[in-house]
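Worksheet for the structure shown next.
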């Protein structure tokens with residue numbers, strides 16, 4: 001089946017008002033081929049078109065597999081998958097670079113975005129398998145020098161609780177006790193870590209441990225958090241459409257959350273100027289708030305927050321004061337030597353005498369309790385939690 005025939009069939013099907021059943025697609029193939037294809041050729045072409053026109057095409061089985069978090073395409077013969085144990089090269093192959101480009105452009109259209117020479121990259125979201133959301137990113141040549149690069153991240157609803165994460169080894173039993181105490185004491189916390197390390201999974205588990213009498217308002221860029229909590233309100237940001245209008249930012253939603261009588265405000269990922277509104281909320285009586293942030297270690301979180309605060313027009317001194325008053329605990333997730341996700345560190349955050357934010361480790365997965373444990377114990381005691 002030639003590329004020109006695929007394109008002609010695609011254009012014909014675009015005008016179809018009825019559902020694209022196999023019969024409708026087969027009729028379109030026969031019509032566009034001039035009736036020259038027999039039943040065997042039509043059936044073969046139908047299989048090709050189903051791959052070209054529906055779902056994620058050749059990548060659909062990888063996205064649907066249990067545990068898949070990322071599918072990455074760097075070349076027609078280089079398709080990588082991460083199922084929680086690090087990246088490995090899959091056996092999936094595209095016929096050529098044009099096939100990768102067609103898939104990237106079709107997925108961009110499904111996400112309500114454009115991807116062409118004038119706009120050679122795209123960032124959007126798609127409906128994924130089993131109710132998951134798939135975050136799409138693609139870059140076309142010549143920006144991507146060696147060919148179209150396609151990145152798909154599967155954002156499955158995070159529903160695990162502390163007990164299941166502890167049983168799986170992602171959280172040590174002594175750390176689980178500390179986490180429950182942090183929740184009971186309504187200490188505000190941030191979860192740091194790299195991409196795909198389990199920040200959202202841990203956040204959902206901690207929110208599931210919040211008392212049922214508390215009202216949690218979650219603000220997210222994509223709907224990932226699904227903790228087992230009876231009083232959870234979810235607000236999800238929205239990107240601009242093809243015409244460049246209709247955008248609703250995380251910062252907009254944080255401001256709305258303040259008017260919804262929250263007991264706790266949670267931001268799924270702090271990545272921009274919304275950090276200013278979040279810190280303002282946590283400093284106006286909303287204890288126990290939480291969020292996630294990208295950082296290589298708890299010690300790097302203050303610098304990361306300072307950079308984000310600058311985007312919102314908040315100076316360094318003002319931000320340090322806000323953070324020191326609003327956030328008490330930092331949790332860091334990472335991967336062990338075998339590539340398994342785990343809670344690796346619990347730290348406390350305070351402002352030093354020189355105004356600089358001081359991060360002290362209270363517990364580490366490899367060494368246990370550390371120097372910051374006494375500070376954390378004091379914070380908990382001040383709130384009546386042992």
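Anything in the stretch 173-197 that is within 25 Å of the chain's Cα centre (by Cα) and either free of Cβ contacts under 8 Å to residues at least 40 places away in the same chain or outside the structural domain of residue 326 (by the TED database) (or both)? List them, or say none.
Of everything in the stretch 173-197, those that are within 25 Å of the chain's Cα centre (by Cα) and either free of Cβ contacts under 8 Å to residues at least 40 places away in the same chain or outside the structural domain of residue 326 (by the TED database) (or both) turn out to be 176, 180.
Hey, among the residues in the stretch 101-130 that are more than 25 Å from residue 244 (Cβ to Cβ) and out of contact with any strand residue (DSSP E or B) (no Cβ under 6 Å at 6 or more places or on another chain), which one's surrounded by the most Cβ atoms within 10 Å (Cβ to Cβ)?
Ranking the candidates gives 129 first.
Which residues, taken from the stretch 285-309, are in contact with a helix residue (DSSP H, G or I) (Cβ under 8 Å, 6 or more places away or on another chain) and over 17 Å from residue 348 (Cα atoms)? Write out each step before concluding.
Keep residues of the stretch 285-309 that are in contact with a helix residue (DSSP H, G or I) (Cβ under 8 Å, 6 or more places away or on another chain), which gives 288-295, 302, 305-306, 308-309.
Of everything in the stretch 285-309, those that are in contact with a helix residue (DSSP H, G or I) (Cβ under 8 Å, 6 or more places away or on another chain) and over 17 Å from residue 348 (Cα atoms) turn out to be 294, 306, 308, 309.
Among residues belonging to the stretch 131-147 that are exposed (fewer than 14 other Cβ atoms within 10 Å of the Cβ) and without any contact (Cβ under 8 Å) to a residue 40 or more places away in the chain, point out the one that is farthest from residue 73 (Cα to Cα).
So, considering only residues that are exposed (fewer than 14 other Cβ atoms within 10 Å of the Cβ) and without any contact (Cβ under 8 Å) to a residue 40 or more places away in the chain, the one farthest from residue 73 (Cα to Cα) is 131.
Return yes when residue 23 is in a loop (DSSP other than H, G, I, E, B), surrounded by fewer than 13 Cβ atoms within 10 Å (Cβ to Cβ), at pLDDT 65 or above and not assigned by the TED database to the domain that holds residue 133 and no when it is not.
no
Hey, does the stretch 246-258 have a residue that's modelled with pLDDT of 95 or more and over 30 Å from residue 136 (Cα atoms)?
no
The values are calculated or read from the model by the stated rules, or taken from the named source; none is laboratory data. What you see is a predicted model; the values in this text were computed from it and never measured. All Cβ positions, even for glycine, are placed from backbone atoms using ideal geometry, and neighbour counts span all protein chains on display.
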